[in-house]
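S.K.: Here you go, one structure.
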Amino acid sequence: MGGFVNEQNANRGNYADVIKDIAEKAVCPFCPEQLANFHKNPIRRHGHWIVTNNMYPYHPTKQHVLLIHADHIEHASELSAKAWAELKQVIEQEAAVRNMVGGAFTMRFGDTRFTGASVAHLHAHLIQADPDASDYDPEQGLRIRIG
Ligand SMILES: [Zn+2]
């Protein structure tokens with residue numbers, strides 16, 4: 001595995017520049033001591049998880065929530081049973097609070113060469129597409145890169 005971020009997987013507008021900057025600093029942008037330096041949206045803590053709105057949401061999304069494991073781990077196999085249970089809780093809570101009557105939940109894990117993730121630190125996405133966006137393409141929908 002190479003580093004905390006994968007520049008090849010960050011190919012969206014100014015997000016590519018952000019990831020390039022982080023790669024040069026050689027720090028993990030999702031570790032608690034660094035998160036505030038790179039992430040300006042409010043965060044809240046739910047057990048093992050940090051919950052926040054993505055600063056660089058996929059397009060077209062109505063809502064894009066990041067669920068970041070608080071401690072630096074990279075593979076889903078490192079998740080404790082408690083962390084998995086809390087993840088289920090936080091998904092249910094966020095979906096309820098945000099009135100998500102439909103959406104998607106994804107988690108990439110491990111070696112970013114195989115995942116499409118730009119940040120190796122384990123995190124998940126809770127996403128609701130926006131079919132009302134002016135440039136929404138019903139044939140494309142909202143696409144998530146894997147690999
Ligand atoms: Zn980290």
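Just so it is clear, none of the values below were taken in a lab; they were calculated from the coordinates. Everything numeric in this text was worked out from a predicted model, so none of it was measured. Virtual Cβ from ideal backbone geometry, glycine too; neighbours counted across all protein chains shown.
S.K.: What distance in nm lies between label points placed 7 Å from Cα along the C-beta direction at S80 and F105?
M.R.: 2.0
S.K.: Follow-up. Where the centroid of each part is defined by its Cα atoms, how far is the stretch 124-147 from the stretch 93-122 in Å?
M.R.: 13
S.K.: Give me the percent of Cα-Cα pairs in the stretch 61-147 that sit more than 23 Å apart, rounded to a whole number.
M.R.: 31
S.K.: Which whole-percent values make up P(r) of the chain when all C-alpha to C-alpha distances are grouped in 10 Å steps starting at zero?
M.R.: Reading the bins upward from 0: 11, 41, 38, 10, 0.
S.K.: So for the pair K40, A26, with labels modelled 7 Å out along Cα→Cβ, what separation do we get in nm?
M.R.: Rounded to a tenth, the inter-label distance reads 2.8 nm.
S.K.: In addition: Near K25, which lysines are there with a Cα under 30 Å away, not counting those fewer than 8 places off in the same chain?
M.R.: K25 reaches K40.
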